[in-house]
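Written out below as structure tokens is the structure these notes cover.
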Amino acid sequence: MRISDVLADLQPDFPTLSPSKLRFLEEQGLVEPRRSPGGYRQYSRADVERVRYVLAQQRDRYLPLRVIGEQLAALDRGEVTEAVTPRLATSDGERASLRSAGRHTVASLAEEAGADVTLVAGLAEAGVISAGTGGHFEPWTLEVVRAAAGLAEHGVEPRHLRGFRTAADRQVAVVEQIVAPLRGQRAVAAQAHAASVAAEVGELCARLHTALVRAGVADFAP
């Protein structure tokens, strides 16, 4: 597969994937496509699934590339049970990637999260989640709704969660400030590096927040 073929296969799931990102992953040793006699990169199906694994770990778990590389090395050595397997290309004639892209509405978010529609609508009204173009919500909002539904069982209402969104926005601002010098460079490698640094710093911010909250509630238990 050529780079254009890889992009066509993966971009429905990862719209921001670019040739420079693929080259950056190769520079980091995460994927090693073969070269044709003319010097063009040639990706095998296994190479494509490695790229898919890397991108999914970055998007869904905010893992830094170093950690993802360690996971891939463990997979190569057969030390873990998680496997990098190909995905079903179509389901009932529709690309599976489009079905899993998470184009949620208020109703579908509530249904998939097992939450009340009024809760999801309240989260949107409070600004905790927001719909994009076409009135659809991004995939990550599903996890927010699930967490909010759990908090609702303890009497926490959507309006009480505005502070969480404000705190998250402040952390995102910190990440943006850190990667701004990289994003200001025109080199494609710098742009790919900026995305990697943003993912890693974002994960560190999340871990710091979790550690602080756990420390704060530790004294509440006998």
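Could you work out the relative contact order of the chain, using alpha carbon pairs under 8 angstrom and six or more residues apart, expressed as a whole percent?
Once divided by the residue count of the chain, the mean separation gives 18 percent.
Which parts of the range 16-42 would a label at Ala189 reach, counting a residue when its backbone N lies under 18 Å from a point 7 Å out along Cα-to-Cβ?
Once the point is set 7 Å along Cα→Cβ of Ala189, 18-33, 41 turn out to lie under 18 Å by backbone N, inside the range 16-42.
Mind checking the range 126-209 for trypsin sites (Lys or Arg not before Pro) that DSSP puts in a loop (not H, G, I, E or B) and that have at most 11 other Cβ atoms within 10 Å?
In loop regions of the range 126-209 (DSSP not H, G, I, E or B), the sparsely surrounded trypsin sites (Lys or Arg not before Pro) are Arg186.
Quickly estimate the mean residue ellipticity at 222 nm for the chain, helices only: each DSSP H run with n ≥ 4 gives -39500 (n - 2.57), and the total goes over all residues, rounded to 500.
-19000 deg cm²/dmol
Taking every pair of Cα atoms in the chain, average 1/r, invert it to obtain the Kirkwood radius, and report Rg/Rh to two decimals.
1.00
At a Förster radius of 45 Å, what calculated FRET efficiency corresponds to the Cβ-Cβ distance of Leu151 and Ser36, to the nearest 0.05?
Given R0 = 45 Å and the Cβ-Cβ separation, E is 0.25.
Exposed loop sites here are chymotrypsin sites (Phe, Trp or Tyr not before Pro) in DSSP loop states with at most 16 other C-beta atoms within 10 Å. What is the longest stretch of the chain lacking them?
With chymotrypsin sites (Phe, Trp or Tyr not before Pro) excluded where exposed in loops, the chain gives 41-139 as its longest stretch.
Once whole DSSP H runs in the chain are found, which of them have Cα atoms spread over 27 Å or more along the helix axis and a mean Kyte-Doolittle score of at least -0.5?
Answer set is 162-183, 188-217.
Modelling each spin label as a point 7 Å along the Cα-to-Cβ direction, I'd like the His209/Asp169 distance in nm, to one decimal.
Roughly 1.3 nm, to one decimal.
Looking at the square roots a ≥ b ≥ c of the eigenvalues of the Cα gyration tensor of the range 1-56, which shape do they give, rounded for a/c under 1.5, prolate if a/b is larger than b/c, or oblate?
prolate
Give me the dipole magnitude in Debye, nearest 20, for the chain about the Cα centre, with unit charges on the beta carbon: positive for Lys and Arg, negative for Asp and Glu.
760
How charged is the neighbourhood of Ser44? Take every other residue with its Cβ under 15 Å from the Cβ of Ser44, and add Lys/Arg as +1 and Asp/Glu as -1.
Neighbour charge sum, excluding Ser44 itself: 0.
No lab work stands behind these numbers, since they all come straight from the coordinates. All of these numbers come straight from a predicted model, not from anything done at the bench. Counting neighbours? That spans all protein chains shown, and the Cβs are built from the backbone with ideal geometry, glycine included.
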